[in-house]
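A short worksheet on the structure shown next.
The values are calculated or read from the model by the stated rules, or taken from the named source; none is laboratory data. Note that the structure is predicted; figures quoted are calculated from it, not measured. Ideal geometry is used to build each Cβ from the backbone, glycine not excepted, and the neighbour counts take in all protein chains shown.
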Amino acid sequence: MPNLKNCSITFHTNDEDKDHDTHVTVTVTDENDLVCAVIDNDFGHFNDQSDAGPYQLVVKNPQTRQSLAALAHLPKAACRHQT
């Protein structure tokens, strides 16, 4: 079975931009909570109604598609309002 070789993420903003100094961490884990890929960055400013990315995550542990399939329905990420 194929293993994870690369991973990327793209962000979309609606009516609230992302400030240049708001830090974002994205961690992909498998069904056993093993960290498979990660990115940790400020990414700069994202304008309202914009797409940013794709950004490449660093693959730490290339797991199988099957071990990641349980994560196909991720909950909506919690966002903190910038002040």
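Brief remarks on what is shown
- Of the residues making up segment 17-30, those that are under 20 Å from Asn6 (Cβ atoms) and surrounded by 12 or more Cβ atoms within 10 Å (Cβ to Cβ) are Val24, Val26, Thr27, Val28, Thr29, Asp30.
- Segment 32-71 - residue that is part of a loop (DSSP other than H, G, I, E, B) and acidic (Asp, Glu) and, of those, surrounded by the most Cβ atoms within 10 Å (Cβ to Cβ): Asp42
- The lone exception for Gly53 - which of (1) modelled with pLDDT of 90 or more; (2) on the phi < 0 side of the Ramachandran plot it fails: (2)
- Within segment 1-54, restricting attention to residues that are free of Cβ contacts under 8 Å to residues at least 24 places away in the same chain and not acidic (Asp, Glu), the residue that is farthest from Gln66 (Cα to Cα) is His23.
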